[in-house]
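Data block below; observations after.
Nothing in this text is a laboratory measurement; each read-out follows from the coordinates by a stated rule. Everything numeric in this text was worked out from a predicted model, so none of it was measured. We place every Cβ from the backbone using ideal geometry, glycine too, and count neighbours over all the protein chains shown.
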Protein chains: 2
Amino acid sequence: MSEIQLNWQPDKTASTPIYQQITTYFQHAIASGEWPMGAKLPAQRKLAAQFGVNRSTLITALDDLIAVGLITSNPGSGMTVSGNHWSSLLAEHVNWSQYVKAGQFKPNTSAIQKINQFETDAVIRLSTGEPAPEQFPRELFQKALAKLGNTLTSLNYTEPAGILALREQLARHLAKVGIHTQPENILITSGSLQALQLVSVSLFPKDATIYTEAPTYVKSLQVFQSANTHLSGVPMDNQGMAYWQMTPPAKDSQAIMYTIPTFNNPTGIVMSADRRQQLLTYAQEHQIPVLEDAAYQDVWFEQQPPQPLKALDTAGNVIYFGSISKSLAPGLRLGWTVASKPVIDRLTDVRMQTDYGASSLSQLVLAEILADPDYDNYQAHFRAVLTKKAAAAQAILQKYWGNGIATWQAPTGGFYLWIRLADRINIPKLFDLATAQNVLFNPGNIYDFKPNQYIRLSFSYESTARFERGIQILTDLIQQNFPVGGAKHASERTTDSSVF
Amino acid sequence: MSEIQLNWQPDKTASTPIYQQITTYFQHAIASGEWPMGAKLPAQRKLAAQFGVNRSTLITALDDLIAVGLITSNPGSGMTVSGNHWSSLLAEHVNWSQYVKAGQFKPNTSAIQKINQFETDAVIRLSTGEPAPEQFPRELFQKALAKLGNTLTSLNYTEPAGILALREQLARHLAKVGIHTQPENILITSGSLQALQLVSVSLFPKDATIYTEAPTYVKSLQVFQSANTHLSGVPMDNQGMAYWQMTPPAKDSQAIMYTIPTFNNPTGIVMSADRRQQLLTYAQEHQIPVLEDAAYQDVWFEQQPPQPLKALDTAGNVIYFGSISKSLAPGLRLGWTVASKPVIDRLTDVRMQTDYGASSLSQLVLAEILADPDYDNYQAHFRAVLTKKAAAAQAILQKYWGNGIATWQAPTGGFYLWIRLADRINIPKLFDLATAQNVLFNPGNIYDFKPNQYIRLSFSYESTARFERGIQILTDLIQQNFPVGGAKHASERTTDSSVF
């Protein structure tokens, strides 16, 4: 449980003794449930400094609190909030823990919760799907913000589907990858994750079967699971999803396909142009709607990937999800969905009931940036830097892991290396050891339908120097804990992912 | 069905005849499902102008399209897309209309869909819950955007619960209304609507009974309904929710209370200080969690309302929802939830699975504005202007409706007048007539559990002159269609809301 943070100080001019002000403050915070049972208090030294009081005054207050049973002193590990048996005399409490478990939405797995928590701390983040802060185009944003500062006359609710000027810019940009569409076929969302969430609650029939690549984007799996669908993983080869290996859906279950054809997350696989056409034909013959996640569309290294499925979709079977999170700024929280008008109308209607639209400010800034003639130059530069970082990351891996620790394929775009570790390495244990040393990576099993021997390393966020430092730490951990000739872990307990 | 919008033009330098380019363009748009069956085409004159072609060239193309059955010419009412029997020869189609009806989330009612649609057009909007564009504090935003332009070095994902600097500012502002809390007890959301949505899917036990004021915020009802809860309306008197009139929940159904104690939407009723204390005591005795929606907290006219329930909540039973939409800028899409740590943790975890956080840009701008010493002056000015507009709106109503058309109570804050129309006035019919004349108001039945004879008029958005113009149009419609001595509508068919 995380440590309590305080920003209160006693009033030294008041007539109430300071130690009493402190006990009252603690009583209120614990009785109100703001400090839950088990929460850890800061060290006495830190507390005294925060409150601006003598250590002795603080101890007087803490002794009182310990005496009434509100806090517990644990030798060697500080003080914790010891429960509400005292506060329950004060007032009836709602048992929140019962509610916290009650809602229909499933919690994140503990590994993902841990990653979400740690991602904000000062650790080496080989886990995150974010561009490096150094790649942030400050000038593009400065220009856009300055222009907006001069022209902004209000910030009210936007058109339900998103600001028209932004949808017009997106239609123009989509035409460059072969998608010819109109603003009325575009819905602006808060990132493409929200688009998946909207599609799940708006369009999925009860008990639908969702076919996804195995492995695939971990958050898509969570969203689909919370929508009470059946998930069915489809293997990939080096051309992309092996759609002919789809198992038939359960009786009376409607089939829906979800694919990341371009730089699949986590594997980096690009579906070939032929496979795209074949997959579309198959989906049309079987009347299967296709959800195309194109989050990494613009993040290619040396060669532009084949056209999106949506560009080839003469039958209107494809719903396309784009995002600015990987190629510009995840903090804008903007994505777009392209689909036929009845689908856009339905999604827009549900969207208006859940959060009433995306930030107008984010939308206006993005519309300015997409209209800026320098945007294309920025994108080319962004790709060039990313290409170099990918090459450098692979050189580092080759140096430390090339000889018997791991194997991988060279990606042609995206942010990730999908790495198979040697069978002797226990990945859950390595994850815990690495976290304790402030190095974060993503275990491969969170992306897949079964255990595997992979990890996902991101080279996009950290500098090459910090990437190398992270790999050094992992290498040391592997050599100390999983020496060559030690017990095998993978071969006994896991089945490999079918790729590579 | 809305009219199709086009921004394509034929390529006059191409070798393909222009009329053929037009037919191909139409075929593609219809075959792909982008133009659905029944969609209306613009008039021929408008089409020719848009395409930049002679009327005769256009007619050649349209005749071809009519001949193959892709479009239909309807004498007197233009052309419509006539279906996909032709396009279905081209490719297999997903039957999207089947999916559009399939998802678990309920659609908006047709009246609300109509309002959402019209709100973006050039009509007199007596319906909208938005501040007037004229009240937008341009200088505060200019300063914040300029500062951000100089200091912004990246826009990545934020801390899961929202940017710490913003949560610190909010804790400081909440203290002013008596809520003493810490940043770790605050979650930033995309408006308070998203907070309701998150609470519904994260905390509500299956088949929970939600008690709300009757009438109440329409979007809350939709969110709760889509979470498969039982909704139970509780009457109000002029002190607020008459909690003792709550009917017992169904067997095995957990009770949860949702209230807008300050300037209830739509009635404007303020719960008295005594009632707040009594309601909290009742909820504590019965272990009922209380959801407090404080969206209009800061929008008072001459006297600050009583402290929020959360300020009196020594037992931690209250989840508090705040928002910047009513007092600053709805387009920022920002709100905040204050609750005990386990609740905030659970909501944050689900939030990370649905849209991965609110716009960082919006959050940074709001943190700047809340820290600006001019913010309090802006708020005081905002309230003074709103107070005047409320008085002017009531003077206008007194002039046109005071004598036998309507009755209402003077609000002491908020954006709305909750108006009881005379029994002879058929409100659904008046709504349709008014919409046809570009005047939009909200019928009272969308807020309530049963039909009523009320409408909600907003005085916040339109200027006083346009408000008067709207009332003039409504008055004319009432006098023409529902003359004094005409048939009564309300007394036969509806039961009145219990208030006023």
>> If packing is taken as the average count of other Cβ atoms within 10 Å, what order do A:49-59, B:445-455 fall into, highest mean first?
In response: B:445-455, A:49-59
> How big is the charge dipole of the range A:264-407 about its Cα centre, in debye rounded to the nearest 20, if each Lys and Arg gets +1 on its Cβ and each Asp and Glu gets -1 on its Cβ?
Replying inline: 460
>> With angles folded into 0 to 90 degrees, how steeply does helix B:18-31 sit against the dominant principal axis of chain B? Use alpha carbons for both and round to 10.
In response: 40
>> Please list, in order along the range A:235-241, the HN-Hα scalar couplings obtained from phi with the Karplus expression 6.51 cos²θ - 1.76 cosθ + 1.60 (θ = phi - 60°), rounded to whole Hz, x for Gly and Pro.
In response: x, 10, 10, 6, 9, x, 4
> Based on the Kirkwood radius over alpha-carbon pairs, what is the Stokes-Einstein translational diffusion coefficient of the range B:147-297 at 4 °C with 1.567 mPa s viscosity, in µm²/s?
Replying inline: 76
> Looking at the square roots a ≥ b ≥ c of the eigenvalues of the Cα gyration tensor of the range A:127-216, which shape do they give, rounded for a/c under 1.5, prolate if a/b is larger than b/c, or oblate?
Replying inline: prolate
> So who's got an amide H within less than 5 Å of the one on A:R333, skipping anything under 5 residues away but keeping other chains? H placed 1.01 Å off N, in plane.
Replying inline: B:S360
>> Rounded to two decimals, what is the ratio between the C-alpha radius of gyration of chain A and 2.2 N^0.38 Å?
In response: 1.13
>> Which lysines, if any, have their Cα less than 16 Å from the Cα of B:K147, not counting same-chain residues under 8 positions apart?
In response: A:K143, A:K147
>> Over the Cα atoms, compute the radius of gyration (one decimal) and Dmax (the largest Cα-Cα distance, rounded to a whole number) for the range A:251-303, in Å.
In response: 12.8, 45
> Between the range B:374-409 and the range B:462-476, how many Å separate their Cα centres?
Replying inline: 14
> Expressed as a rounded percentage, what relative contact order does chain A have, with Cα pairs under 8 Å and six or more residues apart?
Replying inline: 17
> For B:D237 and B:S56, FRET efficiency with R0 = 60 Å and r from the beta-carbon atoms, rounded to 0.05?
Replying inline: 0.25
> When the Karplus curve 6.51 cos²θ - 1.76 cosθ + 1.60 is applied with θ = phi - 60°, which whole-Hz ³J(HN,Hα) does each residue of the range B:124-139 get, with x for Gly and Pro?
Replying inline: 7, 9, 8, 9, 7, x, 10, x, 5, x, 5, 8, 5, x, 4, 5
> So if R0 is 51 Å, what FRET efficiency would B:S272 and B:K40 give, r being the distance between their Cβ atoms, rounded to the nearest 0.05?
Replying inline: 0.45
>> What distance in nm separates the two pseudo spin-label positions at B:T314 and B:Y282, each 7 Å out from Cα along the beta-carbon direction?
In response: 2.1
> Among B:V318, B:Q222, B:L397, whose Cα lies farthest out toward the positive end of the dipole of chain B, if unit charges sit on the beta carbon of Lys, Arg (+1) and Asp, Glu (-1)?
Replying inline: B:L397
> Label-to-label distances across copies for A:R466, with labels 7 Å out along Cα→Cβ, in nm, shortest first?
Replying inline: 4.8
>> Suppose each label sits 7 Å from its Cα in the direction of the beta carbon; what would the A:N403-B:Q409 distance come out to in nanometres?
In response: 8.3
> When the scattering of the range B:298-423 is computed by the Debye formula from its Cα atoms alone, each counted once and equally, what is log10 I(q)/I(0) at q = 0.14, 0.16 Å⁻¹?
Replying inline: -0.86, -1.00
> Mind checking the dipole of chain B: about its Cα centre, +1 per Lys or Arg Cβ, -1 per Asp or Glu Cβ, Debye to the nearest 20?
Replying inline: 720
>> Explain nothing, just the number: dipole magnitude of the range B:226-342 about its Cα centre with +1 on each Lys and Arg Cβ and -1 on each Asp and Glu Cβ, in debye rounded to the nearest 20.
In response: 260
>> So the label point sits 7 Å from Cα along the Cα-to-Cβ vector; using that for B:G402, what distances do you get to the other copies, in nanometres, sorted shortest first?
In response: 9.0
> Can you pull the Kirkwood radius for the range A:25-67, inverse mean 1/r over Cα pairs, to one decimal in Å?
Replying inline: 11.1
>> Give me the one-decimal nm value for the distance between modelled label points at A:K488 and B:R172, 7 Å along each residue's Cα-to-Cβ direction.
In response: 6.2
> In Å, what Rg and Dmax follow from the Cα atoms of the range A:349-500?
Replying inline: 19.8, 60
> What is the gain in length, in nm to one decimal, between B:K206 and B:N150 on full extension, counting 0.36 nm per residue of separation less the C-alpha to C-alpha distance?
Replying inline: 15.2 nm
> Can you name the residue in chain A whose Cβ lies closest to the A-to-B rotation axis, and give that gap in whole Å?
Replying inline: A:S359, 2
> Which whole-angstrom value gives the distance between the alpha carbon centres of the range A:236-276 and the range B:217-272?
Replying inline: 47
> Could you give the angle, 0 to 90 degrees to the nearest 10, between helix B:360-371's Cα long axis and the longest principal axis of the Cα atoms of chain B?
Replying inline: 40
> To the nearest 10 degrees, how steep is helix B:375-401 against the longest Cα principal axis of chain B, on a 0 to 90 scale?
Replying inline: 70
> What FRET efficiency do you get for B:Q307 and B:F449 if R0 is 35 Å and r is their Cβ-Cβ distance, rounded to the nearest 0.05?
Replying inline: 0.75
>> How large is the translational diffusion coefficient of the protein assembly as shown in µm² per second when you combine the Kirkwood radius over alpha carbon pairs with Stokes-Einstein at 10 °C and 1.306 mPa s?
In response: 52
> Going highest first, how would you order B:192-203, B:419-430, B:395-406 by mean Cβ packing within 10 Å?
Replying inline: B:192-203, B:419-430, B:395-406
> Using only helices, what value at 222 nm comes out for chain B when you add -39,500 (n - 2.57) per DSSP H run of length 4 or more and divide by the total residues, to the nearest 500 deg cm²/dmol?
Replying inline: -12500 deg cm²/dmol
>> At a threshold of 8 angstrom on Cα-Cα distance, excluding pairs fewer than six apart, so keeping six or more, what relative contact order does the range B:208-334 reach in percent?
In response: 21
> Where both partners of a DSSP beta bridge lie in chain B, what percent of those bridges are antiparallel, to the nearest 5?
Replying inline: 60
>> Around B:G331, under 12 Å between beta carbons, what's the net of Lys plus Arg minus Asp minus Glu among the other residues?
In response: -1
> Shortest first, in nm, what separates the label point of A:D207 from those of the same position in the other copies (7 Å along Cα→Cβ)?
Replying inline: 2.1
> Within 10 Å of each Cβ of B:105-114, how many other protein chain Cβ atoms are there on average?
Replying inline: 4
> Pulled fully out, how much extra length does the chain show between A:T16 and A:A384, if you take 0.36 nm times their separation in residues and subtract their Cα-Cα distance?
Replying inline: 126.0 nm
